[in-house]
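Notes to accompany the following structure.
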Amino acid sequence: MDAPLSITTIMSHAEMIAAENKLISRGANGDITRLTYHDAFVRVAKLANALDRLELAPEARVGTLAWNDHRHFELHYAVPCTGRICHTINPKLFTDQVKFIINDAQNEALFIDPEFIPVIEAMQGDLPSVKHWIALCSANNLPQSTLPNLQAYESLLNREQDSYDWPTLDENRASNLCYTSGTTGDPKGVLGSHRSIVLQCMSQNMASQLGLTSEDVVMPLVPMFHVNAWCMPYSAPMAGAALVMPGPQVSDAQAMTDLINQEQVTFSLAVPTLWSGINQFLNATGTRVPSLNRGVIGGAAGALKLYDEMDRHGVRLENGWGMTELSPIGSYNRYLPEHNRLPDAARADQRLKSGRPLFGIQMRIVDEDGNALPHDGVTTGVLEIRGPWACSAYYGKSREHDWFNTGDVATIDSLGYMRITDRVKDVIKSGGEWISSIEIENAIMAHPGVREAVVIGVAHQHWSERPLLVVVPEDSYPSLTPEQLLSFLEGKIPKWWIPNACEFVDTLPHTATGKVSKKMLRENFNRYQWA
Ligand code: ADP
């Protein structure tokens with residue numbers, strides 16, 4: 001039958017198989033909202049009626065600046081299922097970038113968490129396309145604001161009927177919009193369609209990928225403004241899994257472990273920095289998280305030490321690779337039977353790979369002239385991908401290539417496992433040869449005195465660039481020296497990769513999505529003088 005793959009079908013499916021399963025949401029004050037999927041979808045219908053009453057255009061871009069909570073979940077359904085485009089905006093970006101994004105997308109309405117209202121007030125005169133401003137709160141909590149006619153979300157919903165005649169949508173209709181963080185140049189828009197989202201979620205839910213089931217309680221720590229929390233608001237209900245939305249305090253490891261234990265969370269997803277915070281909290285306090293048995297670590301490379309220590313806490317972390325342009329997951333690391341029989345060191349090495357492509361994604365590595373390179377696990381090249389949920393062109397730009405250049409440098413082995421060795425823009429080129437900063441970082445993270453470590457390229461008179469190791473030491477190692485760390489690397493990586501120097505810092509700069517920002521670190525060290 002000609003039945004479209006639409007987000008509406010995820011909603012009707014979840015209503016059929018998981019209506020009474022829970023959708024829990026933690027607010028800024030730690031207050032908990034308990035809904036079932038059925039309750040949430042009734043509110044989604046009211047919101048859909050409210051969007052029509054606001055007379056938003058049939059393909060309006062509806063912007064959100066919000067944390068992971070039930071209201072943001074509702075927007076993820078009401079907006080696309082009425083045919084409009086749910087545009088998640090990262091409120092942590094620089095003001096100029098947020099302004100650029102809203103104007104580029106021509107948002108007609110903005111749904112804003114009260115915390116982010118000052119961000120928007122500061123630029124309100126420069127946002128001509130925005131006609132409606134809605135605060136994601138109840139009428140009682142509506143803040144004083146200079147935004148014209150600011151309305152409370154709950155007041156909008158209260159006026160509306162709790163059913164909606166959902167249209168049958170073309171599966172290729174645009175549904176979700178998300179901008180890359182613009183580390184180089186202006187942010188670029190990536191538009192997803194109903195079809196691309198449904199296919200990404202179906203592929204994620206295969207057993208040898210994330211494989212969510214109706215027994216899971218899923219808590220995405222990765223924000224919904226970072227590629228829809230890696231699609232969890234869609235994949236979890238599709239699988240009939242419960243959802244726990246952690247709200248703003250995702251960096252508060254105690255609050256998050258309390259929530260995990262209270263709601264019996266089985267599966268979570270986060271960038272390495274957040275997993276690291278949870279790991280340190282569990283190590284320091286002896287707190288246990290017995291229900292949590294698996295999690296995705298992605299968005300940046302995680303260190304082996306983190307995987308190992310989380311194993312000891314009973315949480316198996318799995319490496320998932322992706323990007324905004326892939327909405328977002330492209331590959332995922334699950335073992336083959338023989339990997340379980342490997343010696344420890346070889347198994348550990350296997351674990352750090354970014355895994356094999358999800359069904360639907362093709363991958364290859366190419367040289368500087370675009371020639372395909374062998375999948376031998378050794379040759380590095382620029383990673384290119386194709387597939388039904390890969391971005392064919394940026395929003396508003398014309399289509400460019402059949403293969404999408406990810407900007408990542410990788411190897412692919414004969415079994416199809418891909419390993420990210422760097423981003424093109426982070427690559428260190430010493431005397432014409434590439435050095436993998438990620439492999440050096442992994443090797444140094446094995447030292448117990450290292451809390452966080454990053455390797456960046458710094459200009460060098462003779463070699464053009466040499467690696468510099470920047471470390472946040474553990475407080476419990478006050479007498480640790482840079483020389484000790486550099487000699488620790490000997491024998492673990494090729495001799496010529498060993499950084500020329502090591503600097504200690506108190507903290508590392510992070511991006512708006514919680515990843516270590518090598519760009520900012522390079523700026524901090526751009527006048528660095530080699531000894
Ligand atoms: P940005 O980091 O620019 O905000 P994305 O979230 O789209 O935007 O980042 C995608 C990039 O993150 C990838 O191209 C890759 O460099 C990096 N990345 C994502 N997942 C992993 C992973 N599992 N291991 C290493 N790097 C990763």
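Take the alpha carbon gyration tensor of segment 59-133, find the square roots of its eigenvalues, order them as a ≥ b ≥ c, and report rounded if a/c is under 1.5; if not, report prolate when a/b exceeds b/c, else oblate. Oblate.
For the chain, DSSP calls about 55 percent of its internal beta bridges antiparallel. Counted over segment 7-195, the DSSP beta bridges are approximately 35% antiparallel. Which value, in debye to the nearest 20, describes the size of the charge dipole of segment 7-195 about its Cα centre when Lys and Arg Cβ atoms bear +1, Asp and Glu Cβ atoms bear -1, and nothing else is charged? Approximately 180 debye in magnitude. For LYS92, nonlocal amide neighbours, meaning residues 5 or more places apart or on other chains whose placed amide H falls under 5 Å from its own, do not occur.
The charge dipole of the chain, taken about the Cα centre with unit charges on the Cβ atoms of Lys, Arg (+1) and Asp, Glu (-1), comes to about 280 debye, rounded to the nearest 20.
Helix screen, the chain: DSSP H segments with Cα axial length of 18 Å or more and mean Kyte-Doolittle hydropathy at least -1.0 are 37-53, 272-285. Using only side-chain charges placed at the Cβ, +1 for Lys and Arg and -1 for Asp and Glu, the dipole size of segment 406-531 relative to its Cα centre rounds to 360 debye. Exposure proxy shown here: for SER392, SER430, SER25, the number of other Cβ atoms within 10 Å sets the order, fewest to most, as SER392, SER430, SER25. Put in line by how crowded their Cβ is, counting other Cβ atoms within 10 Å and starting with the fewest, VAL244, VAL427, VAL271 read VAL427, VAL271, VAL244.
In this rough spin-label picture, where each label sits 7 Å from Cα along the Cβ direction, the LYS397-PHE94 distance is 1.9 nm.
Close amide H contacts of VAL315 (hydrogens built in the peptide plane, cut-off under 5 Å, sequence separation of 5 or more or a different chain): none are found.
When you filter the chymotrypsin sites (Phe, Trp or Tyr not before Pro) in segment 145-205 for DSSP loop state and at most 16 other Cβ atoms inside 10 Å of their Cβ, nothing is left.
The ranking of MET202, MET1 from fewest to most other beta carbons within 10 Å of each one's beta carbon is MET1, MET202.
Among the GluC sites (Glu not before Pro) in segment 427-512, none is located in a DSSP loop while being surrounded by at most 12 other Cβ atoms within 10 Å of its own Cβ. Placing unit charges on the Cβ atoms of the charged side chains and taking the dipole of segment 267-374 about its Cα centre, the candidate lying farthest along the positive direction among GLY299, THR285, ASN340 is THR285.
All of the numbers you see were taken from the coordinates with simple rules; none came from a lab. Remember, it's a predicted structure, so these values are computed and weren't measured experimentally. Note that we place each Cβ from the backbone using ideal geometry, even for glycine, and neighbour counts take in every protein chain shown.
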